[in-house]
Amino acid sequence: MTGAICGTGACVPARILDNNEIAKFVDTSDQWIQERTGVIRRRIAVEESTASMAAEAGRQALKEAGIRPEEIEMILAATATPDHIFPCAACEIQERLQAVNAVCFDLNAACSGFLFAYQTAQAYIAAGMYKTILVVGSECLSRIVNWEDRGTCILFGDGSGAVVLKAEEGRNWISAAHSDGKGGPALLCTGPNAAKAGKEGNLPGQSVDWGGSAEMEISMDGKAVFQFAVRKVPEVIHEVLDSNGLTAEDIDWFILHQANKRIVESVAKRLKTDISRFPMNLQEYGNTSSASIPILLNEMNRRGLLKKGQKIVMAGFGAGLSWGAAVLEWGI
Ligand code: UT7
C-alpha cells in the first residue's frame, strides 16, 4: 500500500508585511532583500493561529478529497511553532475539524517538518496501520522572529498547508531523510526551557539561575545554512532518484522548501535541470518553514499545473540540521 495525495489545502494570514515596511524598523531595503533572498512580502498572523490556519488548510484538503472528517484516522502536524506546548497542535486541529476518530500528534523537524511528516504518514500506511491521514505543516514564525535582527527577520512568514493521504495499491517510492545534530547551532530557536537547562534544579524553593533569555528567538548563521542547503539538497535528491531508478529528466516538478531564491537556483544548477521545473512562491510568503512545501503544492494544484501521472520530488531542509527528499506520482 502507498499513500496517494487526494486533496490539498492552504491558508495564510490576511496581514501582508512587505519589504518596505520592514525597512522602517530595521536597517535594510526592498532591493537588498529581493536580491539576496527573492522575498518581496510575507504574511503575518494577527487573528490567525497555527491551529486555526492548519484546520482551514485541512478543511480544503478534505473537501477536495471528498473525505468526511470522521474518516480521518490520523492527523500529523509538522510545526515548530505550536500554539501551546501541549496539547499538541494536531489535537487542536482535530477538535476544530471534528475529526473525532483520528489519533493526533505533532512532529518538529523545523523546515524539514512537512517532508518528515509526509514520510512518517507513508510509513504508517505501508505498515497497514492507517488508511487515511491528514498531514499539515503550519507555522506562526512571526512569534519567534527577532524583529531587531535584519539578518533573519526579513526571511520568515506565517502560513499553513495540508494534504490528505489515502492508502491505495501502488508503488512505494523510496524516500530519504538525514539529520546532523552537530550543525544545530547554525539555526537555533532558544526559549525558556533552554535557559533552564543545566542549572541547579527547577523545584519550588530551589534557587535557580535561569540565565539566558526567557524570550523565544531565532538566531542563525545564514552563510553556514546557505552552504549546507546548496550542498546537501542536490545530494539527497540524487539519492532518492538513484534509489528509485530515476534521473532528474524523469521529474516534472521539484518542489523545494522555499527558503531563498538563490538556494533554489543553485540546486537547479547543480542538478543540471532547468529552473522552470523548480516552482517558487517565496516572493509572496517568505520562508514559512514546515508550511512552505504544502502551500506551494496546493498553489500548483489549484492552478491546474499538476497533471495525473507527473512525477514530483519534494525536498526539505533546515534546522537540526535536517534534510530529506521524497518522490511521488501525482494522482488527482
Ligand atoms: O529554512 C532554512 C532557513 N534559513 C535559510 O535558508 C538561510 C540561508 N541563508 C541565507 O538565505 C542568506 O545567508 C541570508 C539571506 C540570510 C544572508 O545573505 P548573505 O548573502 O549570506 O549575506 P551576509 O550574511 O553575508 O551579509 C552580507 C552583508 C553584511 O554586511 P557587511 O558585513 O558585508 O558589511 C550584512 O551585515 O549584508 C548585510 N546584511 C544586510 N544588509 C541589508 C545582512 N542582512 C541584511 C539586510 N539588509 N536585511
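The values are calculated or read from the model by the stated rules, or taken from the named source; none is laboratory data. Quick caveat, the model's predicted, so the values are computed rather than measured. Backbone-built Cβ (ideal geometry, glycine too); neighbour counts: all protein chains shown. Areas reflect the complete protein model, heavy atoms only, side chains present, ligands, DNA and RNA absent. Shrake-Rupley method; radii C 1.70, N 1.55, O 1.52, S 1.80 Å.
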Subject >> Built amide H within the under 5 Å cut-off of Thr190, gap 5+ >> reply: Glu217, Ser219
**OP:** Provide the percentage of antiparallel DSSP beta bridges, counting only those with both residues in the chain; round to the nearest 5.
**Re:** 70 percent
**OP:** Please turn the phi angles of region 178-190 into ³J(HN,Hα) values with the Karplus equation 6.51 cos²θ - 1.76 cosθ + 1.60 (θ = phi - 60°), one per residue in order, whole Hz, x for glycine and proline.
**Re:** 9, 9, 9, x, 4, x, x, x, 5, 8, 9, 10, 7
**OP:** Using Cα pairs closer than 8 Å and at least 6 residues apart in sequence, work out the relative contact order for the chain, in percent.
**Re:** 25 percent
Original post:
To the nearest 500 deg cm²/dmol, what mean residue ellipticity at 222 nm is calculated for the chain from DSSP H runs of n ≥ 4 alone, each contributing -39,500 (n - 2.57), summed and divided by the residues?
Top reply: -9000 deg cm²/dmol
Subject >> Axial C-alpha extent at least 27 Å, average Kyte-Doolittle at least -0.5 - helices from the chain (DSSP) >> reply: 222-243
Subject >> Selection from Ser142, Ala78, Tyr118, by position along the positive dipole direction of region 76-166 (Cβ) >> reply: Tyr118
Subject >> Loop trypsin sites (Lys or Arg not before Pro), region 233-332 (other Cβ atoms within 10 Å of the site Cβ: 14 or fewer; DSSP) >> reply: Lys272, Arg303, Lys307, Lys308
**OP:** Kindly report the accessible area of the chain per residue (heavy atoms of protein chains, probe 1.4 Å, no ligands, DNA or RNA), in Å².
**Re:** 44 Å²
Subject >> Per-selection metrics, the chain (Cα): Rg and Dmax in Å >> reply: 19.4, 65
Subject >> Amide H within-cut-off set for Cys104, under 5 Å, with H built and near neighbours excluded >> reply: Ile75
Original post:
For the chain, with only Lys/Arg (+1) and Asp/Glu (-1) charged at the beta-carbon, what is the dipole magnitude about the Cα centre, in debye rounded to 20?
Top reply: 660 debye
Subject >> Most to least packed among 34-42, 159-167 [average Cβ atoms within 10 Å] >> reply: 159-167, 34-42
**OP:** Please state, as a whole number in µm²/s, the translational diffusion coefficient that the Stokes-Einstein equation yields for region 257-332 at 37 °C and 0.692 mPa s, with Rh defined as the Kirkwood radius across alpha carbon pairs.
**Re:** 249 µm²/s
Subject >> Dipole magnitude of region 1-121 about its Cα centre (Cβ charges: Lys, Arg +1; Asp, Glu -1), debye to nearest 20 >> reply: 200 debye
**OP:** Quote the charge dipole size of region 120-190 about the Cα centre in Debye, to the nearest 20; the model charges only the Cβ of Lys and Arg (+1) and of Asp and Glu (-1).
**Re:** 180 debye
**OP:** Could you pull the Cα extents of region 1-120 along its three principal axes, largest to smallest, in whole Å?
**Re:** 50, 29, 25
